[in-house]
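Read the structure below first, then the notes.
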Amino acid sequence: MISIQNVSKWYGDFQVLSDCSTEVQKGEVVVVCGPSGSGKSTLIKCVNGLEPFQAGTIVVDGTSVGSPKTDLPKLRSRVGMVFQHFELFPHLSITENLTLAQRKVLGRKDDEARRKGLALLDRVGLSAHAAKFPGQLSGGQQQRVAIARALAMDPIAMLFDEPTSALDPEMINEVLDVMVELAREGMTMMVVTHEMGFARKVANRVIFMDRGAIVEDADKDEFFGSPRSERAQAFLSKILSH
Amino acid sequence: MNYNWDWSVFFKSTGIGSEIYLDWFITGLGWTVALSLSSWVIALLLGTVLGVMRTLPGRFAARFATVYVELFRNVPLLVQLFVWYFLVPDWLPEKLELWFKQDLHPATSAFISVTVCLGLFTAARVCEQVRTGIQALPRGQAMAAYALGLRLPQVYRKVLLPQAFRIIIPPLTSEFLNVFKNSSVASLIGLMELLAQTKQTAEFTANLFEAFTLATVIYFVLNMALMLIMRGVEKRVRVPGLIALGGK
Ligand SMILES: Nc1ncnc2c1ncn2[C@@H]1O[C@H](COP(=O)(O)OP(=O)(O)OP(=O)(O)O)[C@@H](O)[C@H]1O
Ligand SMILES: [Mg+2]
């Protein structure tokens, strides 16, 4: 479904990604972790072409992301993305947030988009808030709306960039629950997170990044049981200790 | 000061038809409002386009807008007006030049010159406000919009500009007020707007203080009215919970 081959990226002289390769199969859940600044966000933003890269290839469902012939907006409309700071559109109501791209990108009729949006809102347990604005919801609620907004486009895969790290602790689980359910339904997911409980529960594989490189790419049990690299071991012991 | 105020001067006949001096002020106010509103429409439309250009990833558009802003902001308004009124018509194709100089009523050609001048001058200032507004938004907003598959024009129209404009209503209001004040430059090329009518009344009647006091009051009331209108607009478009949302 997602194939990343030898991807490198530079900001001027500074190499953010060096020779990254991995694959995400259909229905697979891959967790990406690693220290701050290791290039996790950059890597998953390359997957839907939000960040350009200078070397290597990324192919999503048969479409090459880096190719100049690719209709990037069209590709992006098929890949859902959830951000650390939610990024709901604050000037639009929850319903409008859920329907905007359905109408403008997919060309769905108003009532069809609304029906779809409200069904997903109900699914994340927030149907009572349809008429509110993002600023009137808690962080956890906003992130659940953001997930619903991405799902409304019927994505073939979902990318998450630290979806819970801007949340107060008591709100983390309500978001993770939605993500776990999604994973169990067979959604293809690439998730940057340090929530190792989530990784243990639903991940198929765990990728560990450091200084722009993929240092470890292993099955979940292998990763948690006996990570091969020292840096991954050190990282794991640090985040599991608290 | 030993001055005999005589407010009845405004109701005296000007000696031209049945006009009283107050009529001159009303005509002047009409020109001032017409000038300011048409200049503002130009400034707002062009300024928005330029402001967007300054935030585009492409080099050429951004550079063009930057040069525009530097040029129109740094040359004094009065110089710009003389260029538009005295020089530009000479550079027009001959037919257009003759039409502008001879066929048009002098007031109309002066009106066109001032409107274009003030519109383009203010557009440079609006551009900077729009750019600031867009750049004040979290970078993630554009990212999220693109991630949903929206195309660049949609991202600006539906996501960035509606938010940016809400942020910049206060500075835009003061630009709008400036347009009204700046419109008085028109008096220098003979357009009989409010200031010109005031000067003329002062000369005809020798009631200089009364004339300028009335003009001051009219400008003041105009400004207050505009400020109230803009405050109403601000309230109307206010988004529930937006302030609580803050930066992130
Ligand atoms: N626009 C940019 N220009 C220059 N350097 C950048 C830019 N964006 C990111 N970087 C650098 O690239 C590196 C990787 O950034 P990235 O955001 O991908 O890291 P991350 O693993 O997601 O970190 P975090 O856990 O803090 O989110 C960092 O060192 C960062 O400083
Ligand atoms: Mg990151």
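The values are calculated or read from the model by the stated rules, or taken from the named source; none is laboratory data. Quick caveat: nothing in here was measured; it's all calculated off a predicted structure. Methodologically, a virtual Cβ is constructed for each residue, glycine included, from the backbone with ideal geometry; neighbour enumeration extends over all protein chains shown. Accessible surface areas use protein heavy atoms only, side chains included; no ligands, DNA or RNA. Shrake-Rupley method; radii C 1.70, N 1.55, O 1.52, S 1.80 Å.
For region A:88-110, how many residues are more than 7 Å from chain B (Cβ to nearest Cβ), open to solvent by less than 20 Å² (accessible area, probe 1.4 Å) and in a helix (DSSP H, G or I)? The total comes to 6. Of the residues in region A:115-137, none is in a loop (DSSP other than H, G, I, E, B) and closer than 28 Å to A:GLU23 by Cα. Contact map, region A:159-181: first residue assigned to a helix (DSSP H, G or I) and open to solvent by 10 Å² or more (accessible area, probe 1.4 Å), second residue more than 16 Å from ligand 2 (Cβ to nearest atom) and charged (D, E, K, R), Cβ cut-off under 9 Å, separation 6 or more or different chains; pairs are A:GLU174/A:ARG144; A:LEU176/A:LYS201; A:VAL178/A:ARG123; A:VAL178/A:ARG144; A:VAL180/A:LYS201; A:GLU181/A:ARG123. When A:PRO90 is tested against (1) within 24 Å of A:THR164 (Cβ to Cβ); (2) within 16 Å of ligand 1 (Cβ to nearest atom), only condition (2) is not met.
Remark: pairs (first residue in region B:222-248, within 14 Å of chain A (Cβ to nearest Cβ); second residue at pLDDT below 75 and part of a helix (DSSP H, G or I); Cβ separation under 9 Å; 6+ apart in sequence or on different chains) = B:VAL239/B:LEU245. From the list A:LEU100, A:LEU106, the lone residue that is in contact with a Ser or Thr (Cβ under 8 Å, 6 or more places away or on another chain) and either under 15 Å from A:MET209 (Cα atoms) or away from ligand 1 (no atom under 12 Å from the Cβ) (or both) is A:LEU106.
Just one of the listed residues (A:PHE224, A:PHE235) is in contact with a strand residue (DSSP E or B) (Cβ under 9 Å, 6 or more places away or on another chain) and open to solvent by 30 Å² or more (accessible area, probe 1.4 Å), namely A:PHE224. Report whether or not A:SER41 is within 12 Å of ligand 1 (Cβ to nearest atom), hydroxyl-bearing (Ser, Thr, Tyr) and either touching a strand residue (DSSP E or B) at 6+ places or on another chain (Cβ under 9 Å) or more than 18 Å from B:GLY140 (Cβ to Cβ) (or both). Against the criterion (within 12 Å of ligand 1 (Cβ to nearest atom), hydroxyl-bearing (Ser, Thr, Tyr) and either touching a strand residue (DSSP E or B) at 6+ places or on another chain (Cβ under 9 Å) or more than 18 Å from B:GLY140 (Cβ to Cβ) (or both)), A:SER41 qualifies. Of all the residues that make up region A:187-205, how many are open to solvent by less than 20 Å² (accessible area, probe 1.4 Å) and within 16 Å of ligand 2 (Cβ to nearest atom)? Matching residues across region A:187-205 total 4.
Out of curiosity, is A:VAL31 β-branched (Val, Ile, Thr) and within 15 Å of ligand 2 (Cβ to nearest atom)? Against the criterion (β-branched (Val, Ile, Thr) and within 15 Å of ligand 2 (Cβ to nearest atom)), A:VAL31 qualifies.
Counting only strands (runs of 3 or more DSSP E) that sit completely within region A:1-87, those holding 2 or more residues that are open to solvent by 10 Å² or more (accessible area, probe 1.4 Å) correspond to A:2-11, A:14-24, A:55-60. Is it the case, given these coordinates, that A:SER21 is among the hydroxyl-bearing types (Ser, Thr, Tyr), within 13 Å of ligand 2 (Cβ to nearest atom), more than 16 Å from the chain's Cα centre (by Cα) and more than 14 Å from every other protein chain (Cβ to nearest Cβ)? In short, no.
Take A:ARG200 and decide whether it is farther than 22 Å from A:GLU23 by Cα and out of contact with any strand residue (DSSP E or B) (no Cβ under 7 Å at 6 or more places or on another chain). No, not satisfied.
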